[in-house]
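This report refers to the structure that appears directly beneath it.
The values are calculated or read from the model by the stated rules, or taken from the named source; none is laboratory data. No experiment lies behind these values; they were computed from the predicted model shown. In this analysis, Cβ positions are derived from the backbone assuming ideal geometry, glycine residues included, and neighbour counts consider all displayed protein chains. Heavy atoms of the whole protein, side chains included, go into the accessibility calculation; ligands, DNA and RNA do not. Shrake-Rupley method; radii C 1.70, N 1.55, O 1.52, S 1.80 Å.
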Amino acid sequence: MQEIRFIPCKAFKEKPADETKLGFGKKFTDYRFVMDYYDGAWQDARIEPNEPFQLDAATSVLHYGQAIFEGLKCYRTPQGGFNLFRPRANFERFARSAERMGMAPLPVEDGLETLLALLDVDKEWTPHQEGTSLYIRPTMIATDNHLGVSTSSTYLYYVILSPSGAYYASGLAPVGIYVEDSYVRAVRGGIGFAKTGGNYAASILAGMNAKHIGYAQVL
């Protein structure tokens, strides 16, 4: 993979003082990994301050939903080290999702390298308390600025990190799941196997209804 540039922060965020109140995906580290796809290749790999992106109102991801992501975690070990759980499998699924959504492929080895490079900079954000982790979110979005249903010729790939607690307020205790049979998000020949934003958007109304009647999640 190409050389990764490093752009230092001018100011640093304060790490969470109370790890019992992290929540999930609410706080983010100082840096992110970013890489652009254009002219048929991934270019300008860099680690930069994690600041808001600027997108044109016509950016194709906002209109046609070419967006994929992954989710995995980094854990502290009792010996003071850091562990990942089969990250290769996440980037293999990322590649399958990109293929199904007609997006630029990211080689699995490159994905792993981007992740490890970012963790090398920001791994100390990994919380210490049992049941917590540094949540990792690799993402790819289409960035062409035009209206028209077609695959994008440009993409933005990035990885952000979030010190997090349990996804559910109940922690690791069992949660109630409502089995929904009116709404669907996966059909034969569809995109149900791809980790793409549209799948999650399709589940939101069903999830809202499930929570309204006392369930934590919906199937």
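So which pairs qualify, if the first residue must be in the stretch 69-89 and closer than 13 Å to residue 130 by Cα, the second must be among the β-branched types (Val, Ile, Thr), the Cβ gap must be under 6 Å, and the two must be at least 6 apart or on different chains?
Partner pairs satisfying both residue conditions: 74/126; 76/126.
Looking at residue 185, is it under 28 Å from residue 53 (Cβ atoms), assigned to a loop (DSSP other than H, G, I, E, B) and among the charged types (D, E, K, R)?
Criteria met by residue 185.
Among (1) buried (at least 16 other Cβ atoms within 10 Å of the Cβ); (2) under 29 Å from residue 164 (Cβ atoms), which single condition is residue 52 missing?
(1)
Give me a count of the residues in the stretch 68-92 that are outside any loop (DSSP other than H, G, I, E, B), among the basic types (Lys, Arg) and open to solvent by 80 Å² or more (accessible area, probe 1.4 Å).
So the count comes out to 1.
Looking at the stretch 125-150, which of its residues are over 21 Å from the mean Cα position of the chain (by Cα), within 30 Å of residue 59 (Cα to Cα) and part of a loop (DSSP other than H, G, I, E, B)?
Scanning the stretch 125-150 gives 146, 147, 148, 149, 150.
Go through the stretch 161-200 and give me each residue that's surrounded by fewer than 17 Cβ atoms within 10 Å (Cβ to Cβ) and among the β-branched types (Val, Ile, Thr).
175, 177, 179, 184, 187
Can you tell me which residues in the stretch 5-32 are without any contact (Cβ under 8 Å) to a residue 60 or more places away in the chain and not basic (Lys, Arg)?
Selection gives 7, 8, 9, 11, 12, 14, 17, 18.
Cβ contacts < 9 Å: first residue within 10 Å of residue 196 (Cα to Cα), restricted to the stretch 93-107; second residue open to solvent by less than 70 Å² (accessible area, probe 1.4 Å) and part of a helix (DSSP H, G or I), any location; separation 6+ or different chain. Result?
Qualifying pairs under 9 Å: 94/108; 94/111; 101/198.
Take residue 57 and tell me if it is without any contact (Cβ under 8 Å) to a residue 24 or more places away in the chain and over 17 Å from the mean Cα position of the chain (by Cα).
It is true that residue 57 is without any contact (Cβ under 8 Å) to a residue 24 or more places away in the chain and over 17 Å from the mean Cα position of the chain (by Cα).
Using the structure shown, decide if residue 113 is at pLDDT 95 or above, surrounded by fewer than 15 Cβ atoms within 10 Å (Cβ to Cβ), charged (D, E, K, R) and out of contact with any Gly (no Cβ under 8 Å at 6 or more places or on another chain).
Taking the combined requirement at face value, the residue does not satisfy it.
Between a residue in the stretch 136-162 that is acidic (Asp, Glu) and any residue that is part of a loop (DSSP other than H, G, I, E, B) and open to solvent by 40 Å² or more (accessible area, probe 1.4 Å), which pairs come within a Cβ distance under 9 Å, given they are 6 or more apart or on different chains?
As it stands, the answer is 144/150; 144/151; 144/153, since those pairs meet every condition given.
Can you name the number of the only condition in (1) under 14 Å from residue 33 (Cβ atoms); (2) modelled with pLDDT under 95 that residue 128 fails?
Failed condition: (1).
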